[in-house]
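Below: one structure, written as structure tokens.
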């Protein structure tokens, strides 16, 4: 009997691995197609073969295999404008989805999200101070990232403090505290923006506050890419602890999780990820709310699967959101945060209407 159970358990594990690999391969293919279409589409359409010829030619020394028969303008558009933009969309989408996954596990609530809980708003306060007034100059070229990180960390700590009742986090108080803190910090950000001395700086900051990838450059890619990758790998290595968190505080303590220590660590990691991403592409909402929830509905709640699949789905979603932002009112461009809000707002209301909207918390 024990042997049969062991065999069945092993078969289930194998099936899970196969489904994970199959889903990952499929999503990587969709992501590659989405990248190609994103770089092709624009005021100057580019042939898909030309897109990847330029990318390979600029990345590897392939003069013997690729003849550069494209124009200088096409090379500049593909390599200097559209490629950094689509890569930033992939990094931001994956990072925001991973952040949302971690926060939802941390508070055991599928409505949790860095945007709704005020974390993104806190990062925006720090970032706008740097953009418009040159604050935090002590950090030199990393002032924007440092300010956004400090803002997101302080806002997250404040929300958790307000949400605690008798040492435990109340789901309702968490959401209300997050929304209140988000509104207050958004008002502070708006006040900072209208107090700026330069009109052009105000316009740039307002567009950036709603999320934008228009300023993407190759120099912006390394830091968010490295931080997102390291953050993802750390959270993925902690998938067992994240799974145990879903079982509740008492079960987590019983199973040997140093709950307070692990919570503080998650708060710092998610705040750092949020701060870095907000510093390069502004405040983009609802990605961390929608993507993890959809992935859990399809793939289950095991974080060994949820984290990588959420990263891929988040990357694909933000690439297509950016395509919409660039093309819907072309030749003008709308902030990408508007597109994600139009998708995420109805999704948030649908979650509210569900009979059970948390992982085991309050209803």
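The values are calculated or read from the model by the stated rules, or taken from the named source; none is laboratory data. Here the structure is a predicted model, which means the values were calculated and not measured. Neighbour counts run over all protein chains shown; Cβ positions are idealised from the backbone, glycine included.
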Of the candidates 299, 334, the one satisfying the condition of being in contact with a helix residue (DSSP H, G or I) (Cβ under 9 Å, 6 or more places away or on another chain), without any contact (Cβ under 8 Å) to a residue 40 or more places away in the chain and either more than 19 Å from residue 106 (Cβ to Cβ) or surrounded by 24 or more Cβ atoms within 10 Å (Cβ to Cβ) (or both) is 334
Checked 225, 252 against criteria (free of Cβ contacts under 8 Å to residues at least 12 places away in the same chain and surrounded by 14 or more Cβ atoms within 10 Å (Cβ to Cβ)); the one match is 252
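Tell me the residue from 311, 341 that is under 19 Å from the mean Cα position of the chain (by Cα) and closer than 30 Å to residue 18 by Cα, please.
Exactly one residue qualifies, and that residue is 311.
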For helices (runs of 4 or more DSSP H) lying entirely in the range 184-280, having 3 or more residues that are at pLDDT 80 or above and closer than 25 Å to residue 82 by Cβ picks out 222-237
Only one of (1) surrounded by 22 or more Cβ atoms within 10 Å (Cβ to Cβ); (2) under 12 Å from the mean Cα position of the chain (by Cα); (3) farther than 14 Å from residue 119 by Cβ does not apply to residue 242, and that is (2)
Just to be sure before I move on: is residue 140 at pLDDT below 90 and outside any helix (DSSP H, G or I) in the structure I sent?
no
Across (1) modelled with pLDDT under 85; (2) more than 17 Å from residue 338 (Cβ to Cβ); (3) within 18 Å of the chain's Cα centre (by Cα), residue 172 clears everything bar (3)
Residue 81 fails exactly one of (1) in contact with a helix residue (DSSP H, G or I) (Cβ under 7 Å, 6 or more places away or on another chain); (2) at pLDDT 90 or above; (3) surrounded by fewer than 18 Cβ atoms within 10 Å (Cβ to Cβ), namely (1)
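Here is a yes/no grid of residues against (1) outside any helix (DSSP H, G or I); (2) closer than 23 Å to residue 163 by Cβ; (3) touching a strand residue (DSSP E or B) at 6+ places or on another chain (Cβ under 9 Å); (4) at pLDDT below 90:
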{"residue": "301", "(1), (2), (3), (4)": "yes, yes, no, yes"}
{"residue": "310", "(1), (2), (3), (4)": "no, no, no, no"}
{"residue": "316", "(1), (2), (3), (4)": "no, no, no, no"}
{"residue": "321", "(1), (2), (3), (4)": "no, no, no, no"}
{"residue": "324", "(1), (2), (3), (4)": "no, no, no, no"}
{"residue": "334", "(1), (2), (3), (4)": "yes, no, no, yes"}
{"residue": "349", "(1), (2), (3), (4)": "no, yes, no, yes"}
(Q) I'd like to know if the range 26-47 contains one or more residues that are within 22 Å of residue 242 (Cβ to Cβ) and part of a helix (DSSP H, G or I). (A) yes
* Going by the conditions given, is residue 138 surrounded by fewer than 24 Cβ atoms within 10 Å (Cβ to Cβ) and without any contact (Cβ under 8 Å) to a residue 60 or more places away in the chain? -> yes
